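Since every read-out is calculated from the coordinates, none of them should be taken as a lab result. The structure displayed is predicted, hence computed values, not measured ones. Virtual Cβ from ideal backbone geometry, glycine too; neighbours counted across all protein chains shown.
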Amino acid sequence: MRFSVLLPTRNGGKFIRNCIASVLDQPFKDLELVVSDNCNADETPEELQRFAGDPRIRVIRQDRLLSVTENWTAAYQACRGEYLLMMGDDDCVLPGYFDRLSSAIDRHREPECIAYNAYSYIFPDSIDGDPKSYYGDPYFHYGPEFASEGPLPLPLRRSIVRDMYSFRHRFPLNMQIILVSRKAAERIRGGFYQPPFPDHFAINALLLDAERFVFIPEKRVVVGVSPKSFGSYFFNDRQDRGLAYLSSDAGFEGRLPGNEIVNASVVWLQKLKRAYGDKLGGFQINRPEYYLRQLHAWIVQARQGKLRASEVAARAARIPFPIWTSLFLFFLQPRLVLKLGDLLRRKRSKLHQAWSALQPAGGTRDIREFSAWVGSGRP
């Protein structure tokens, strides 16, 4: 079997029909859709029953509530395909996905990983209670080294991972926009998916270890942000609840409150260092960059009325004195002066803090409507 689409779901019944239909409406036969039903207590079982007549779908019902990472792993362990695609229940694949990716596999002689791009789609009511829908095109802005189709050299991939240790993301950390071969997944040290963010660890392990990693400059999926997704927790400043949703612990020595995504990144970066120290060399977490990002988070929270100036000062006092010298040099960079100046001058909605280039999505109310709208050429 060529493709396994993995769909772990927990109470995603309002969205899952569109995700499943985006896969099964395609005429490609050599695939399976593995749904891991994580003790769903909403309309998900009824939605799954709608597709029971299609032999390409298999549903695994869990008898106890699993964490997000455990549920991802359950779907992975049940699949049989040569290539694996992880999807969320509020995402969808675009028409022609399997034909285009199958062709790319043949064209590049069965690489271990294929990356591509996507659209982002913000469902109504997902951020700030905004009733409109929005989209981003593209989902991720790759650098000039990704201008054309072809293999990513190992030195480039290592440099991408190195920059992760300074919290600079030159590559998207979402499993929806990377197709992974089974043999590459099985080779990841410690297991394919690992907390706190299973996609973050897996993608960086693949960048370090995959034998051949190909990029194609096409948008092949839509990554959704719905009211029940982790993205909604994050962009509505409920990061603690988001980590609880993931059943993840972002604790480590020297941790500061603030941006919990950054804190969780420290955890998986440390884990990656332990697992792949022989490939990472002298890569270390850039502590001044860590403190700078937390300082930025405190300023944002203060502007939103969630932190008093005295609380910001108390948190800043926890930054070690030697680090302030490095931070002073950072503040001399024009890009940071402009960014902080803009932050202090005006408030922006959470929506546009998240994605400054978002555009109205034509009044669409769900991700399938958006996919059809994109397919019609209207944007």
Exercise. If one computes the Cα centroid of region 45-85 and of region 173-197, what distance in Å separates the two points?
Worked result: 17
For this session: Tell me the label-point distance for the pair residue 270, residue 169, using the 7 Å Cα-to-Cβ offset, in nm and rounded to one decimal.
Result: 2.1
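Residue separation times 0.36 nm, minus the C-alpha to C-alpha distance between residue 28 and residue 128: what's the value?
32.1 nm
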Exercise. Between residue 218 and residue 2, what is the spin-label point distance in nm, taking each point 7 Å from the Cα along the Cα→C-beta axis?
Worked result: 1.1
For this session: Compute the acute angle (0 to 90°) between the alpha-carbon long axis of helix 334-345 and the principal axis of greatest extent of the alpha-carbon atoms of the chain; round to the nearest 10°.
Result: 90
For this session: Would you kindly state how much longer the chain becomes between residue 60 and residue 77 on full extension, computed as 0.36 nm times their sequence separation minus their alpha carbon distance, in nm to one decimal?
Result: 5.0 nm
Problem set entry | For the chain: relative contact order, % (alpha-carbon pairs under 8 angstrom, 6 or more apart) | 19
Exercise. What is the spin-label model distance, in nm, from residue 42 to residue 313 if the labels are put 7 Å beyond Cα along the C-beta direction?
Worked result: 4.5
Problem set entry | Degrees separating the helix 260-275 axis from the principal Cα axis of the chain, which is the longest one | 70
Seminar exercise, completed: In the chain, lysine pairs 8 or more places apart or on different chains with C-alpha atoms under 17 Å apart total 9
